[in-house]
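The values are calculated or read from the model by the stated rules, or taken from the named source; none is laboratory data. The structure displayed is predicted, hence computed values, not measured ones. Cβ placement follows ideal geometry from the backbone for every residue including glycine, while neighbour counts extend to all protein chains displayed. With ligands, DNA and RNA removed, areas are computed over all heavy atoms of the protein, side chains included. Shrake-Rupley method; radii C 1.70, N 1.55, O 1.52, S 1.80 Å.
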Amino acid sequence: MPIKAVLFDMDGVLVDSEPAHQERVRQFFAEHGLNVPAEQLITLVGCSGDYFVERATEWWAQAPRKSEAECALAAMDAYQLWKDGRKPIDYGPLLNPGVCETLGALSARGIRLAVASSTSHEGIRQELEPSDLLRFFEVVVSGEEFRESKPNPEIYLTTMARMGLGPDECIAVEDSDRGIAAALAAGMRVAVKLEPRFGFAQEGGTWYLDSVDELLAIVA
């Protein structure tokens, strides 16, 4: 069946945001006296909001350098206050090569586009607005809408339902193992953007991409 829609993960696929996110978390805990090892930070890649809260809460309990006021705060409240006092991440330069051109070309071919990301709606807006990418997507779905995000397939099933399409008519573009598992469980074919930095297995893909613009050959 012809491909009618492409459903994109965001972090790592559209925007190379994961290293910046990991560095921000690392800095927060380092300033509070806790060195979070890189192998633990990597577990946050592609994770749900609930998973991040669990890990942050665990690390916050171990952080030895907290003020009296901070000791009374939950981990996420302390992290948010810390972030509010710093310059926001500039996501514009983190856009992966060829993304804007690829989205434009897919749209011009009549391919419908959506985002299905574990990130919050506010996070999606912050990452995609600087490059004016939101205009390409008719549907934007966030993992915060569900009790469980990826690898639960509900985010993809919901995105397809909102578009009025079935899994045979859509492909997903993913990089993390959680995301690939979610798309496969939803019955979709998956174009996997290769990512060697985070120890992903990246198994089960129909196609493997060095860059997002290789999607154009797939839908041709």
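A few remarks follow.
- Segment 94-123 residues near the modelled Arg162 label - backbone nitrogen below 11 Å, point 7 Å along Cα→Cβ: 114-117, 121
- Amide N of segment 11-42 lying under 13 Å from the label point, which is placed 7 angstrom from the Cα of Arg65 along Cα→Cβ: 27-36
- Inter-probe distance in nm under a simple model that places probes 7 Å from Cα toward Cβ, at Leu134 and Leu194: 3.4 nm
- For segment 118-211, the square roots a ≥ b ≥ c of the C-alpha gyration tensor eigenvalues yield an a/c under 1.5, which makes the shape rounded.
- Cα-based reach from Lys66 at 22 Å (exclusive), listing lysines while leaving out same-chain residues under 8 positions away: Lys83, Lys87
- Across the accessible surface of the chain, with the other protein chains kept in place and a 1.4 Å probe, carbon and sulfur atoms take up 52 percent.
- Ratio of Rg to Rh over the chain (Cα coordinates, Kirkwood Rh, two decimals): 0.99
- Extension gain from Lys83 to His121, taking 0.36 nm per residue of separation minus the Cα-Cα distance: 11.9 nm
- Under a model in which nothing but the beta-carbon of Lys, Arg (+1) and Asp, Glu (-1) is charged, the chain shows a dipole of about 160 debye around its Cα centre.
- Taking Cα centre as origin and charging only the Cβ of basic (Lys, Arg, +1) and acidic (Asp, Glu, -1) residues, the dipole magnitude of segment 108-168 rounds to 220 debye.
- Among beta bridges from DSSP that stay inside the chain, the antiparallel ones total about 5%.
- Phi-based couplings in Hz for segment 164-174 (Karplus 6.51, -1.76, 1.60; Gly and Pro marked x): x, 10, x, x, 6, 9, 10, 10, 9, 10, 9
- Förster radius 22 Å - calculated FRET efficiency between Asn35 and Thr57, Cβ distance, rounded to 0.05: 0.80
- Proximal lysines relative to Lys193, as straight alpha-carbon distance under 22 Å, when same-chain residues fewer than 8 apart are discounted: Lys4, Lys150
- Net charge, Pro93 excluded, C-beta distance under 13 Å - Lys, Arg +1, Asp, Glu -1: -3
- Averaged per residue, the chain has 46 square angstrom of accessible surface, using a 1.4 angstrom probe with ligands and nucleic acids left out.
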